[in-house]
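The block underneath contains the structure these notes are about, expressed in structure tokens.
None of the figures in this text is laboratory data; all of them are computed from the coordinates on show. In this text the structure is predicted, and so the values were computed from the model without any measurement. So basically every Cβ, Gly included, is an ideal-geometry build from the backbone, and we count neighbours across all protein chains shown.
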Amino acid sequence: MKYLKKHLVITKTPYRISLGGGGTDLPFYSKEKGGLLISASINQYITISVATRPLDDQFFIQTTENQFAYKIDDLKHPIIKEVLRYFEVEKSIQVATFSTLPTSAGLGSSSALVVGLIHALTLITDERQKMTDMDIAKEAHKVEREIIGLSGGIQDQYISALGGIQILKVNQSGEVSAEYLMIEEHNRHELERGLVLVYTGEVRKSEEIIESQKVDRNKTIEIYDEIKEIGRRSVNLLKEADIEGLGRAMDDHWRVKKGLSAKMTNGTMDELYIKLKSIGSSGGKIIGAGGGGFFMMAVPGKVDTYLEKVSQLKCRYLDWRFEFRGTHAIEMET
């Protein structure tokens, strides 16, 4: 069992938005063609508290439900259970999570949980000094994809660990590299203003959507080739804060992406997207695997007027900003 050397650690880990190339990090594509994504962390978070329990040997897990247990095998939360097992924590620990957004909303919440919990455990066991942010991302990817077995790529773990706006590449052997995307401050503010996140109200399991894409492999590969090319085009559009051009690129992305799976969208979502374009957007796309979550809509004109019309459609929108810190500690007690 790992010795817990601190009494309390609290970490704060950001969620993310995908700005281009989403899905090209999925193993069945990246192992053949290599993946390229543009991703950014935003100012919505999961906060995780990890504390020792000096007077008993129990686990105490607090999420949307509370659970006490003496054995790790009895823990109900699959992610927390396997991360604790991976770190050889066998007793006397409390884990509590607090999220600002609903889970399964397409913003990488499960990966942010893994990253934030691994970060907290590296701090409470004094292993953090041995690990870089890239190391934490790599460990999180291993736990989530290989040990727990959740389908997906590398984007979510790496952007939550690193923060900022990153160009992420994964080669055919699975090696990941990250390059910070430099965007001038006034252009970043234009992007934050002009890229509107509209909540569809639909939640979904990304693993089911990812698995459904593998039916026609050749067709899927061709679609992701096109998505990767749209992502490459988006780099300069982002640097220039060309909201109108980004809208057209995202519209192309969403049109192509819908061909991946029948579970990618439904009649209600298609109807909502048409309405969201018609009230003042040059185009948009769904964030994440699809099936629900958020539409990101590019609004090159009067954003306040657009937001009023979104509210008239009975939709909620998210006032967001880029977050330039990845997972970070906000409290530590020895």
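Counting only C-alpha contacts under 8 Å and six or more residues apart, can you give the relative contact order of the chain as a whole percent? Show your work: numbers first, answer last.
Details: 723 pairs, mean separation 89.4, N = 334.
Taking the mean separation of contacting Cα pairs over the length of the chain, I get 27 percent.
Where in the chain are the DSSP H helices whose C-alpha atoms run 15 Å or more along the long axis and whose mean Kyte hydropathy is at least 0.0?
Values: long enough: 109-124 (22 Å, 1.84); 217-239 (33 Å, -0.85); 243-257 (20 Å, -0.81); 267-278 (17 Å, -0.33).
Span-like helices, by this rule, are 109-124.
Test of understanding: in a Gaussian network model of the chain with alpha carbons linked when under 10 Å, which of V176, V310, V115 would top the mean-square fluctuation ranking?
Result for the chain, Cα springs under 10 Å: V310 fluctuates most.
Connecting C-alpha atoms closer than 10 Å in a GNM of the chain, tell me which of A96, A112, A298 has the biggest fluctuation.
Highest fluctuation of the listed residues: A96.
Checking the a/c ratio against 1.5 first, then a/b against b/c, what shape does the Cα gyration tensor give for the chain?
Numbers: a/c = 1.82, a/b = 1.66, b/c = 1.09.
Because a/c hits 1.5 or more and a/b exceeds b/c, the chain counts as prolate.
For L8 and E32 in one chain, what is 0.36 nm times their gap in residues minus the Cα-Cα distance, to one decimal in nm? Write out the running numbers ahead of the final one.
Details: separation 24, 0.36 × 24 = 8.64 nm, distance 4.37 nm.
This chain segment gains 4.3 nm when fully extended.
Provide T122, T11 in ascending order of the number of other Cβ atoms located within 10 Å of each residue's Cβ, fewest first. Each step should come with its number before you reach the end.
On the way: T122 20, T11 26.
Sorted ascending by nearby Cβ count, the order is T122, T11.
For V303 and R316 in one chain, what is 0.36 nm times their gap in residues minus the Cα-Cα distance, to one decimal in nm? Present the calculation step by step, with values, prior to reporting the outcome.
Values: separation 13, 0.36 × 13 = 4.68 nm, distance 1.45 nm.
Length gained between V303 and R316: 3.2 nm.
At what distance in nm do the modelled label points of R53 and R85 sit from each other, each positioned 7 Å from its Cα along Cα→Cβ?
Modelled inter-label distance: 1.9 nm.
For M131, what charge total do you get from the other residues with a beta carbon under 10 Å from its beta carbon, if Lys and Arg give +1 and Asp and Glu give -1? Walk me through the numbers on the way to the answer.
Details: positive: R128, K130, K138; negative: E127, D133, D135, E139.
Charge balance in the 10 Å sphere: -1.
Using the Cβ atoms and a cut-off under 13 Å, what net charge is assigned to the surroundings of V170, where Lys and Arg are +1 and Asp and Glu are -1?
Numbers: positive: K31, K33, K138, R145, K169, K228; negative: D25, E32, D156, E175, E179.
Neighbour charge sum, excluding V170 itself: +1.
Under 12 Å from the Cβ of I279, count the other residues' Cβ atoms, weight Lys and Arg +1, Asp and Glu -1, and hand me the total. Display every interim value, and only then the final one.
Working: positive: K275, K277, K302, K309; negative: E308.
Charge balance near I279 sits at +3.
At I148 and S177, where each label point lies 7 Å from the Cα along Cα→Cβ, what is the point-to-point distance in nanometres?
Distance between label points: 2.9 nm.
Can you give the longest run of the chain that contains no GluC sites (Glu not before Pro) sitting in a DSSP loop with at most 15 other Cβ atoms inside 10 Å? Walk me through the intermediate numbers first.
Values: sites that count: E65, E88, E90, E127, E175, E184, E240.
Between exposed loop sites, the widest span is 241-334.
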